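The values are calculated or read from the model by the stated rules, or taken from the named source; none is laboratory data. Given the structure is predicted, the values throughout are model-derived calculations rather than measurements. We place every Cβ from the backbone using ideal geometry, glycine too, and count neighbours over all the protein chains shown. To get the accessible areas, we keep the full protein, side chains included, count just its heavy atoms, and leave off ligands, DNA and RNA. Shrake-Rupley method; radii C 1.70, N 1.55, O 1.52, S 1.80 Å.
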Amino acid sequence: PEDILVVTFTKAAAREMKERFLSLKNGKKGVTFGTFHGVYYGILKWAYRMDAGNILSEEEKRAMICETLAQEKIEAEEEKEFVEGIVNEISLIKNNRLNPKEYECHTCGKENFLKVYTSYERKRKQKRKLDFDDILTTCYELFRTREDVLNLWRKKFRYILVDEFQDINDTQYELVRAWNRAGRPLFVIGDPDQAIYGFRGASSRCFARLRADVPGLQQIYLQENYRSTPQILQAALPVI
C-alpha cells in the first residue's frame, strides 16, 4: 500500500476517497491520497525546506494586483470581476508555461497585462513566496533539472492513480508523465464530457495525448450510468 499514490483535485475529494477506501473490507492503511498541490507542495517542503510562510495567500495575490492597477492607472467598471479575470489569466500562463510577452490577454489587453504580470512577479519574488500555481511549475523545474530527486520519488511511489483526469493542465500532465516515463504503472480516470476548467488551462485533449505518449495503453469504457435516471440521460445526452 505504501507504494501507491492517489491524486485528485480537491481536499474534499481526496478525504472522501481515503475514507471510502479504508471502509472497504480489504482497504489497507498506507496508501497516500492527496491533491496535486498538496502532493507537490510536500515535495517542495522536502527539497527546499519550505513552510506555509512561503506560500502566497489568495488575498495577498489580489492585493498585489490591485496595487499595480492603481499604480498604472488601469481602471475597470467592475473591479472585482476585472481582477478575477487577470488572476485567471496569470494562472493560465503559468499552468501552460506560456510566454507572457506573447500572450494576448482577454481582460485588459496585451500591454497592460504584461505590466501587471511583471509587477506581480517582481513583488512575489521580493517576498520570497510562491503562489498556488508556482507550486506545480517549481516542482516541474525541480524534476526537469534534478533526475536524482525525481528518481527518489519514483522509488517511493511505484503506482500512480489520477482522478478527474479531464481537469488536468499541461504542467500537471508533465508532472504525471515524469513519474510514468520510468515505466511506473499509471492509472487515470476521467470523462472528456465533464471538462469545464478550460479557463484554468485544463484540456480534455490530455486523453488523446496520453494514448499517443503511452503505446499499448489499455482503455476501459464505463458505459453504465449509476447516478441519473433514464429521463435525465435522455435530456442530457443530446446537449453533450
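Points to keep in mind about this one:
- Trypsin sites (Lys or Arg not before Pro) within the stretch 1-98, DSSP loop, no more than 10 other Cβ atoms inside 10 Å: 25, 29, 49, 73
- Degrees, to the nearest 10: 132-145 long Cα axis against longest axis of the chain: 70
- Overall, the anisotropy analysis places the stretch 107-218 in the oblate class: the square-rooted eigenvalues a ≥ b ≥ c of its C-alpha gyration tensor yield a/c not less than 1.5, with a/b not exceeding b/c.
- Residue pairs, from the table 28/155; 45/110; 94/156; 18/123, whose Cα atoms sit over 30 Å apart: 45/110; 18/123
- Sequence-distant contacts, meaning Cα pairs under 8 Å at least 6 residues apart, place the relative contact order of the chain at 22 percent.
- Share, in percent, of DSSP beta bridges within the chain that are antiparallel, nearest 5: 0
- Overall, the accessible surface of the stretch 1-114 at a probe of 1.4 angstrom is composed of carbon and sulfur to the extent of 50 percent.
- Three-way shape label, the stretch 168-230, alpha-carbon gyration tensor, a/c 1.5: oblate
- The residues of the stretch 40-162 present an accessible area of 57 Å² per residue when probed at 1.4 Å with all protein chains retained.
- Rounded to the nearest 10 degrees, the inclination of helix 170-180 to the longest alpha-carbon principal axis of the chain is 40 degrees.
- The stretch 37-101 versus the stretch 14-31: alpha-carbon centroid distance in Å: 34
- Loop GluC sites (Glu not before Pro), the stretch 99-135, which have at most 12 other Cβ atoms in a 10 Å radius of their Cβ (DSSP): 102, 104
- The angle separating the long axis of helix 11-23 from the principal Cα axis of greatest extent in the chain is about 20 degrees.
- Taking every alpha-carbon pair under 8 Å whose residues sit at least 6 apart, the stretch 1-46 reaches a relative contact order of 50 percent.
- Computed over the stretch 111-240: relative contact order in percent, which uses C-alpha pairs under 8 Å that are six or more apart: 20
- The stretch 139-213 versus the stretch 111-136: alpha-carbon centroid distance in Å: 25
- Over the chain: helical MRE at 222 nm, DSSP H runs n ≥ 4 each giving -39500 (n - 2.57), nearest 500: -16500 deg cm²/dmol
- The shape of the chain comes out oblate: with a ≥ b ≥ c from the C-alpha gyration tensor, a/c is at least 1.5 while a/b does not beat b/c.
- Between residue 188 and 162, the built amide H atoms are under 5 Å apart, and every one of these is 5 or more places off in sequence or on another chain.
- Exposed-site-free run, longest, the chain (rule: chymotrypsin sites (Phe, Trp or Tyr not before Pro); DSSP loop; at most 10 other C-beta within 10 Å): 1-220
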